[in-house]
Amino acid sequence: MSRAGMFSRRVHAGEVCVLTYHGVLPEGSVAGASPAEGTLVSAEQFRRQLQFLKSHYELITPEAFRCRWSEGASLPKRAVLLTCDDGLLNVLTDMVPILLEEGARCLFLVTGASLQDAPATLWYEELYRMLDDAPGGAEVKIGAERFRKDSFARKDMVRYWGDLVHGLSKLCGNARSAALDKLRSQWRLPNDWKMYDPGDARAERRHRLLNRSELRQLVAQGMTVGAHTMSHPILTQMPPELAEREIRECRAGLESYLQREVWALAYPFGHDGSAAAREMRMAAEAGYTCAFLNHGGGVSQGTSPRFALPRAHVTAAMALPELEAHLSGFHEGLQRHFHRGGANVAPEEANSSCT
């Protein structure tokens with residue numbers, strides 16, 4: 001289907017496809033067991049994807065995408081916007097050089113952690129690593145239940161980790177940091193426990209977030225910066241005043257530091273349920289031009305809600321045809337088809353799914 005051009009023909013004039021990346025895995029690094037590990041693509045994979053997109057689609061700049069929503073400007077047929085969430089150090093060291101070599105631009109959505117000089121990591125990745133490193137006798141509390149770590153299988157770790165992420169998302173950034181410190185003690189981790197060895201440059205590129213000076217370097221190389229909230233919680237789990245601060249203060253802080261307008265927001269995690277009408281209203285009131293989810297397929301139409309724009313999430317496991325199936329919305333249409341038992345499917349979706 002990809003070779004026959006069936007996916008690209010699904011993208012009609014006036015539509016734009018949006019991809020979500022999370023960075024490039026530094027060369028020589030081995031992906032671990034964390035659910036976040038599969039979100040980083042290899043340098044070779046990223047280059048192949050860019051070259052494929054350039055030959056079959058039209059890569060556009062973030063500014064051109066913004067004009068589509070703020071001024072109603074037209075876009076080329078089969079337009080594709082590249083976005084990248086979180087702001088890991090490897091986007092500067094490993095991803096941007098490839099973007100520049102291929103003549104592409106990307107919208108990088110970063111958190112408030114990149115407004116400071118001190119090294120920082122993504123708290124939910126740190127949480128998983130802590131749980132993974134905890135000894136078997138460590139007690140894990142989920143709601144009112146308590147478990148010994150050695151009583152559950154590795155496959156259960158992701159579920160328990162997800163429950164902890166939901167619970168800790170209710171807290172403000174400072175309270176969440178304090179809660180992580182408490183968990184380190186409760187789970188019997190050493191006092192000097194670190195998520196990675198600070199002397200390991202490769203591990204630093206994999207796990208550390210951009211700091212203030214590196215954020216400026218990103219902009220100096222022609223990239224666009226957007227907001228990803230102050231501390232990357234699941235916003236729908238937060239009280240309204242905390243969620244509003246996460247959305248508003250990230251934009252204000254980035255604009256003050258970079259001295260340029262920050263017009264895009266990506267809701268943290270971005271899955272179904274990570275943002276609702278409340279968060280979308282807050283994004284509009286905070287002055288953003290648009291906001292992105294991380295599901296729903298890659299295609300945005302002129303009628304798509306500006307503060308709930310879908311994106312196709314790229315993972316390391318995707319081959320090029322699979323990426324194109326997600327990008328073009330075919331995968332999403334196929335899921336809807338089977339979810340509805342094949343009934344009431346648009347003719348082109350029904351025809352494609354039977355091909």
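General observations
- Cβ pairs under 6 Å, 6+ apart, first in the range 27-52 and on the phi < 0 side of the Ramachandran plot, second surrounded by fewer than 19 Cβ atoms within 10 Å (Cβ to Cβ) and among the basic types (Lys, Arg): Ser29/Arg202
- Residue count for the range 63-82, restricted to those that are touching a residue at least 40 places away in the same chain (Cβ under 8 Å), surrounded by fewer than 21 Cβ atoms within 10 Å (Cβ to Cβ) and among the aliphatic types (A, V, I, L, M): 1
- Any pair with Cβ under 6 angstrom, 6 or more apart, that starts in the range 105-124 at a residue that is at negative phi and among the basic types (Lys, Arg) and ends at one that is in a loop (DSSP other than H, G, I, E, B) and modelled with pLDDT of 95 or more: Arg105/Thr61
- Out of Gly287, Gly298, Gly302, one residue alone is surrounded by 24 or more Cβ atoms within 10 Å (Cβ to Cβ), of a type outside the set (A, V, I, L, M) and more than 15 Å from Ile234 (Cα to Cα). It is Gly298.
- Qualifying positions in the range 159-174 - closer than 26 Å to Leu89 by Cβ and surrounded by fewer than 16 Cβ atoms within 10 Å (Cβ to Cβ): Gly162, Asn174
- Scanning the range 179-198 for residues that are loosely packed, with under 12 Cβ neighbours inside 10 Å and without any contact (Cβ under 8 Å) to a residue 12 or more places away in the chain returns Asp181, Lys182, Ser185, Pro190, Asn191, Asp192, Asp197.
A quick yes/no check of all residues on (1) among the aromatic types (Phe, Trp, Tyr); (2) surrounded by fewer than 18 Cβ atoms within 10 Å (Cβ to Cβ); (3) farther than 19 Å from Phe292 by Cα; (4) under 20 Å from the mean Cα position of the chain (by Cα):
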position	(1), (2), (3), (4)
Thr61	no, yes, no, yes
Cys84	no, no, no, yes
Asn90	no, no, yes, yes
Val96	no, no, yes, yes
Glu101	no, yes, yes, no
Leu109	no, no, no, yes
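- Selection over the range 39-51 of residues that are surrounded by fewer than 16 Cβ atoms within 10 Å (Cβ to Cβ) and not acidic (Asp, Glu) gives a count of 2.
- Helices (runs of 4 or more DSSP H) within the range 204-304 that include 2 or more residues closer than 17 Å to Ala113 by Cα and not hydroxyl-bearing (Ser, Thr, Tyr): 212-220, 240-258
- Residue list for the range 263-284, restricted to those being open to solvent by less than 10 Å² (accessible area, probe 1.4 Å) and within 24 Å of Glu125 (Cβ to Cβ): Ala264, Leu265, Ala266, Tyr267, Pro268, Gly270, Ser274, Glu279
- Going through (1) more than 22 Å from the chain's Cα centre (by Cα); (2) open to solvent by less than 40 Å² (accessible area, probe 1.4 Å); (3) under 30 Å from Cys172 (Cβ atoms) one by one, Ala113 falls short only on (1).
- Filtered residues of the range 222-273 (kept if of a type in the set (S, T, N, Q) and either closer than 12 Å to Phe108 by Cα or at pLDDT below 95 (or both)): Thr224
The values are calculated or read from the model by the stated rules, or taken from the named source; none is laboratory data. Computed from a prediction, not measured in an experiment: that's the story for all the values here. Positions of Cβ are generated from backbone atoms using ideal geometry, with glycine treated the same way; all protein chains shown enter the neighbour counts. Remember, those area values only see protein heavy atoms, side chains included, never the ligands or the DNA or RNA. Shrake-Rupley method; radii C 1.70, N 1.55, O 1.52, S 1.80 Å.
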